[in-house]
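The values are calculated or read from the model by the stated rules, or taken from the named source; none is laboratory data. Not measured: the values here are computed from a predicted model. Here the Cβ positions follow ideal geometry from the backbone for every residue, glycine too, while neighbour counts run over all protein chains shown.
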């Protein structure tokens, strides 16, 4: 019984040490009118993917201290925006598709180094 508990506790401990945390998290806009814009993160969660049938005119973010870190005017339908240049914390993202604006939130946690056990 002790060996089972020891094995279980070691596996939980090593899993928590070596698991990777996400670089960012997205809170999507679930409004029906926002369904025209595909907005999600890539598999490594460090790039914002935007895709739409209509043109995306303007993309900007407002961080937790109300500063714009991203402010891009363009006329694209498919975008990949790296999140590595954004500061850690909450970012309200605004995507303008004339005449509407679609708003969603991204939380940037940043890179976390892998833990290592040295002898």
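Hey, among 59, 105, 92, which residue is assigned to a strand (DSSP E or B), surrounded by 13 or more Cβ atoms within 10 Å (Cβ to Cβ), over 13 Å from the mean Cα position of the chain (by Cα) and modelled with pLDDT of 95 or more?
Only one candidate passes the filter, namely 59.
Inspect all residues belonging to the range 79-87 and state whether any of them is in contact (Cβ under 8 Å) with a residue 12 or more places away in the chain, under 11 Å from the mean Cα position of the chain (by Cα), closer than 17 Å to residue 26 by Cβ and assigned to a strand (DSSP E or B). First the steps, then the outcome.
Residues of the range 79-87 in contact (Cβ under 8 Å) with a residue 12 or more places away in the chain: 79-87.
Then drop every residue that is not under 11 Å from the mean Cα position of the chain (by Cα), which leaves 81-84, 86.
Then drop every residue that is not closer than 17 Å to residue 26 by Cβ, which leaves 81-84, 86.
Among the residues that remain, those that are also assigned to a strand (DSSP E or B) are: 81-82.
Yes.
Mind counting the residues in the range 39-56 that are more than 14 Å from the chain's Cα centre (by Cα) and surrounded by 13 or more Cβ atoms within 10 Å (Cβ to Cβ)?
Taking the range 39-56 and keeping what is more than 14 Å from the chain's Cα centre (by Cα), we get 51-56.
In the following step, the residues that additionally are surrounded by 13 or more Cβ atoms within 10 Å (Cβ to Cβ) were identified as 51-52, 56.
Here the count works out to 3.
So which of 28, 45, 2, 32 ends up being modelled with pLDDT of 85 or more and more than 20 Å from residue 79 (Cβ to Cβ)? Show your work before the answer.
Values: 28 fails: more than 20 Å from residue 79 (Cβ to Cβ); 45 fails: more than 20 Å from residue 79 (Cβ to Cβ); 2 fails: modelled with pLDDT of 85 or more.
Going through 28, 45, 2, 32 in turn, the sole match is 32.
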